[in-house]
């Protein structure tokens, strides 16, 4: 049966989250200047290419895969994260065109990054960042929410 572009498959790789968390944990131990220069996407992708995939389609499967990885793969995840950070730090970028957003949601997030001028915006911190921006704007003047020049949600 062919995969329809109308019904997205619902599966996720637990290892993506674990690798990203470990890289963030290790970067917290780096001096601020060094941590800011690391391309996190490069570090994460490098680490993920050295780690097994752990896909899940249910919440129970997600929890099971995560627990399994934390119990049996934590040393490997830690090593791969370190390798990824080192590679991202010293990498001579030959390829610089980023991949386009994978979905409408990612397109919306990219648009928000541009509108807010906040390159580190993610789905994990979007609410906090928007709240902070709105509060600081409200403190300085009346809130006005300009209509973006291009459509955010891709409709």
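Only the coordinates and a few stated rules stand behind these numbers; no lab work does. Quick caveat, the model's predicted, so the values are computed rather than measured. Reconstructed Cβ throughout: ideal geometry from the backbone, glycine too, with neighbour counts over all protein chains shown.
When peptides 120-131, 103-114, 73-84 are sorted by average Cβ neighbour count within 10 Å, with the highest value leading, the order is 73-84, 103-114, 120-131. PRE reach from residue 64 (point 7 Å along Cα→Cβ): which of region 7-51 fall under 20 Å by backbone N? Backbone N within reach: 10-18. Once the gyration tensor of the Cα atoms in region 12-90 is diagonalised, the equivalent ellipsoid follows with semi-axes of 24, 11, 11 Å, ordered largest first.
If a/c stays under 1.5 just call it rounded; otherwise compare a/b with b/c (prolate if a/b is bigger, oblate if not). Do that for region 28-135, with a ≥ b ≥ c from the square roots of the Cα gyration tensor eigenvalues.
Working: a/c = 1.69, a/b = 1.21, b/c = 1.40.
Note, shape of region 28-135 comes out oblate.
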